[in-house]
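Right, one structure below, let's go through it.
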Amino acid sequence: RIVAVIMVGGPTKGTRFRPLSLNIPKPLFPLAGQPMVHHPISACKKIPNLDQIYLIGFYEEREFALYVSSISNELKVPVRYLKEEKPHGSAGALYNFRDLIMENDPSHIFLLNCDVCCSFPLPEMLEAHRTYGGMGTLLVIKVSAESASQFGELVADPVTKELLHYTEKPETFVSDLINCGVYVFTPEIFTAIGDVSTQQKDRAHLKHISSFEALQPAMRSPPTDFVRLDQDILSPLAGKKQLFTHETMDFWEQIKTPGMSLKCSGLYLAQFRFTYPHLLASGDGTKSANIIGDVYIHPSAKVHPSAKIGPNVTVSANARVGAGTRLISCIILDDVEIKENAVIIHSIVGWKSSIGKWSRVQGGGDYSSKLGITILGEGVTVEDEVVLINCIVLPHKTMNDSVQEEIIL
Ligand code: GDD
């Protein structure tokens, strides 16, 4: 039996995702027409003998209730949301629910960050992990030396694949091999986290009884039940023949900003060609609009046959796309109306927004920079013939003048 745990974090963690996270928890934001967390969940389905999937986070339970019950029915695997009262850190969160996770005595526990986009090669990781025989195996990937410092950098033995050295987001370059945030562990991981947590408590206790510390409350250490998987567990265990690495040659990205969600939506759409071709508009043969490349159109959306759509476009539920419109690389959320001859490029259009006739909503297409795409929050109205370039517009604004490179508060 195997259990999978997906870390979904909580509201304070999603701040870089504004204004989109004002409406919906980041893990439920749609990529390729499916909630972000749906992609790792459906990848878990390929794990042999999968018993349970747990989502652990500190969002309100009701925010996940509907999704969790519908996905459990769809996958025929129980999916449960477990709410932490407060953040415990990635390892602390896992440890907090150890009794529940170990309930049916699983042999292995998969742990996945929800904000990564990849092909989640979980069966391959499990196979590699079984041959290595350690306590855990990390999915790793080579990235450019310039971008590596945003992630956990690591050194692995080229032959045995053992994790030899691990540094989280180092200031000086260590390695271009990085941690993808996808792991498989044996239940011994709980002993390792428990040991660290006990050490932290002992240290905090010693500090507390020192009078110097008591006089300076600002110097008190962080809460003792907060354990980070990377710094507190992976770093000290590296080089002890307990952790191993499995390198992926497929795509991998981290989704911290709306710009990256647009890029990752495109990556998942491209993957659908092999995994779920019936979800692509070009593959279902029912949409009469002019479709170019990978496009997802929700069955309830109404698209005029003269619209030209793609590549990398997602049109969500009940959206209406008018005659003569052109959509390229964008996410159109639920209940949006796009009027005749409007053009939308490298943009995310928020729920219930309305885009006027002959208007143009466009981003520069640099997905990693702050104003590289245009983002409209919920309920934004763009009047007819208005041009918005590289803008972020907060919810419920009406735009009647053209604007470039601005954040409209
Ligand atoms: N439930 C819960 N509780 N989830 C948490 C908590 C917590 O207290 N803290 C973080 N998470 C979740 C986040 O939502 C995210 O999915 C995952 O755990 C990791 O988040 P962070 O700990 O903030 O780390 P990071 O995303 O900056 O970097 C980690 O992931 C990278 C890969 O995406 C590190 O492990 C890096 O080394 C790694 O490269």
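The values are calculated or read from the model by the stated rules, or taken from the named source; none is laboratory data. Note that this is a predicted model, so its numbers are computed, not measured. Backbone-built Cβ (ideal geometry, glycine too); neighbour counts: all protein chains shown. Note: areas computed on protein heavy atoms with side chains; ligands, DNA, RNA excluded. Shrake-Rupley method; radii C 1.70, N 1.55, O 1.52, S 1.80 Å.
Scanning the stretch 162-171 for residues that are in contact (Cβ under 8 Å) with a residue 24 or more places away in the chain, of a type outside the set (A, V, I, L, M, F, W, C) and open to solvent by less than 20 Å² (accessible area, probe 1.4 Å) yields 162, 166. Can you tell me which of 349, 393, 336, 380 is of a type in the set (Val, Ile, Thr), crowded, with 21+ Cβ neighbours inside 10 Å and within 20 Å of the chain's Cα centre (by Cα)? The unique qualifying residue is 349. Within the stretch 1-23, being outside any strand (DSSP E or B) and either open to solvent by less than 10 Å² (accessible area, probe 1.4 Å) or within 15 Å of the ligand (Cβ to nearest atom) (or both) holds for 10, 11, 12, 13, 14, 15, 16, 17, 19, 20, 21. Here is the figure for the stretch 227-272: residues that are part of a strand (DSSP E or B), surrounded by 18 or more Cβ atoms within 10 Å (Cβ to Cβ) and more than 12 Å from the ligand (Cβ to nearest atom) total 4.
For the criterion of being open to solvent by less than 80 Å² (accessible area, probe 1.4 Å), within 15 Å of the ligand (Cβ to nearest atom), within 30 Å of residue 17 (Cβ to Cβ) and modelled with pLDDT under 95, residue 174 passes.
For the stretch 95-113, the count of residues that are on the phi > 0 side of the Ramachandran plot, modelled with pLDDT of 95 or more and not in a strand (DSSP E or B) is nonzero. Quick one: which of 344, 375 is among the β-branched types (Val, Ile, Thr), touching a Pro at 6+ places or on another chain (Cβ under 6 Å) and under 21 Å from residue 33 (Cα atoms)? Within the list 344, 375, the selection yields 375.
Okay, residues lined up against (1) hydrophobic (A, V, I, L, M, F, W, C); (2) more than 11 Å from the ligand (Cβ to nearest atom):
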residue	(1), (2)
67	no, yes
83	no, no
106	no, yes
109	yes, yes
143	yes, no
159	yes, yes
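Scanning the stretch 332-351 for residues that are of a type outside the set (D, E, K, R) and either in contact with a helix residue (DSSP H, G or I) (Cβ under 9 Å, 6 or more places away or on another chain) or not in a loop (DSSP other than H, G, I, E, B) (or both) returns 332, 333, 338, 343, 344, 345, 346, 347, 348, 349, 350.
Scoring residue 211 on the criteria (1) of a type in the set (Ser, Thr, Tyr); (2) at pLDDT 90 or above; (3) loosely packed, with under 15 Cβ neighbours inside 10 Å leaves a single failure, condition (2). Restricting the stretch 352-373 to residues that are in contact with a helix residue (DSSP H, G or I) (Cβ under 9 Å, 6 or more places away or on another chain) and of a type in the set (D, E, K, R) leaves a set whose member that is farthest from residue 394 (Cα to Cα) is 366.
Taken across the stretch 97-108, residues that are in contact with an Asp or Glu (Cβ under 7 Å, 6 or more places away or on another chain) and surrounded by fewer than 21 Cβ atoms within 10 Å (Cβ to Cβ) do occur, with at least one present.
Checking each residue in the stretch 145-157 for being under 14 Å from residue 245 (Cα atoms) and either free of Cβ contacts under 8 Å to residues at least 12 places away in the same chain or near the ligand (Cβ under 10 Å from one of its atoms) (or both) picks out 152, 153, 154, 157.
Can you say whether residue 189 is part of a helix (DSSP H, G or I), buried (at least 20 other Cβ atoms within 10 Å of the Cβ) and within 16 Å of the ligand (Cβ to nearest atom), as far as the supplied structure shows? Against the criterion (part of a helix (DSSP H, G or I), buried (at least 20 other Cβ atoms within 10 Å of the Cβ) and within 16 Å of the ligand (Cβ to nearest atom)), residue 189 qualifies. When we screen 67, 81 for residues that are open to solvent by 10 Å² or more (accessible area, probe 1.4 Å), outside any helix (DSSP H, G or I) and closer than 27 Å to residue 317 by Cβ, the only hit is 81. If the condition is being surrounded by 17 or more Cβ atoms within 10 Å (Cβ to Cβ), assigned to a loop (DSSP other than H, G, I, E, B) and in contact (Cβ under 8 Å) with a residue 60 or more places away in the chain, then the stretch 24-60 contributes 29, 32, 33, 36, 37, 47.
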